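Everything below concerns the one structure shown next.
The values are calculated or read from the model by the stated rules, or taken from the named source; none is laboratory data. All of these numbers come straight from a predicted model, not from anything done at the bench. Glycine gets a Cβ as well: all are built from the backbone with ideal geometry, and neighbour counts include every protein chain shown. Ligands, DNA and RNA are stripped out before the accessible areas are found, and what is left, the full protein with its side chains, is counted by its heavy atoms. Shrake-Rupley method; radii C 1.70, N 1.55, O 1.52, S 1.80 Å.
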Amino acid sequence: MAGFTEGSLSKKLEDLNASQHSIQTLSLWVIHHRKHYQLIVKTWMKELQKADEGRQITLMYLANDVIQNSKKKGPEYGKEFGTVMKQAFQIMGGPKLSEKTKKSLLRLISIWEERSVYDRKLIEELKYAFDHGMPGNATSPPPRKKSKIDRESPAVVDKKKERLKEKRRTQEEEVEVDGMKEVHITLSPRTPVGDPPEPEELIKALVDLENSASSDAAVRERIASLPPEVSEINLLTKLDDKAAAERLSIEVNEAVALLTDYNSRLASEMDDRKKVTQMLRDFIQAQRDLLQQAEQRLDDYKEKLSKVLLVRQEVKSHLRNLPDLSLPTGTNPLKPLPSAGDLFSLR
């Protein structure tokens, strides 16, 4: 990759556009030069302050890409961007924003909250800054009131979080910059709905299904071995005394408990299988997208190779037709030069 200078950084930020390739390429370059993270974030902030709304959201997408993809290689970026992100949302926030930009910024905040990129306190500050824009004086957000979602049951909260997760528009993609390939989580206006899982996450979900209720042979054997009296009403007429009825009552209660627990496990397994089905669908679609990109990249390079081969052929053709300047003018390059004896021979 190209060496780092403040001038090269400014030039790259000026050339940045909203395309995924542009954002990913610059993000890789920034992460590669992470030892300059303080200067990079400071310069990024200067660009944000003087940019228009469309360019500001592009710079925010760049920051998000760097933050999320530098967790292992450069975690300092997340912390450094966190120190200026409140001011960034104040600059961009307020009633002047278009609805499209508002939705994009809210999506960024929701992703950072769900993935625990920033703590709850900073997330609340970002939301407040986003809603109010630049304040007349420095004020802290008011104490957070207990919202409606906090008073709801955990099941309802989980469902709402799941719906919110489904609305995230993220994509995992392999990109190539200067011959280096890396997998990036991207976030841009044109990314498709669906969050493809990590391979490890998908493998774990599939392994867990191997230990699901439908695979529990021991419980199924216990259910199959239940006496017919616990499930057939017409056999109640064969009860002879109270003691037999009490024994049957105990067996029925045990069967009810066993079947209730097993049915609950089966229902949970159905939900898990639906989730795994969606994970597989998203993962396969992501792989298809990557395959399509790889095929397109292969076609592009094949085309470039054909052009290079054509140029090489033309160069060889021109070389054959060019005169040999190392020989005297008018000399036939195919005829050998006369020797000194030939030149002075007397005939």
Which of the peptides 61-71, 246-256 is most tightly packed, and how do the rest follow, going by the mean number of other Cβ atoms within 10 Å of each residue? 61-71, 246-256
Accessible-area value, residue 240, 1.4 Å probe, nucleic acids and ligands omitted, Å²: 140 Å²
For the stretch 56-99, which whole-number percentage of the solvent-accessible area (1.4 Å probe, protein heavy atoms only) is attributable to carbon and sulfur atoms? 56 percent
Surpassing 19 Å at the alpha-carbon level, of the pairs 35/71; 71/103; 42/79; 35/127; 204/274, are 71/103; 35/127
Probe 1.4 Å, heavy atoms of protein chains only: per residue, the accessible area of the stretch 209-276 in Å² is 73 Å²
Positive minus negative residues near residue 91 (Lys, Arg vs Asp, Glu; Cβ under 13 Å): +2
Accessible surface of residue 219 in the full protein assembly, 1.4 angstrom probe, to the nearest 10 Å²? 20 Å²
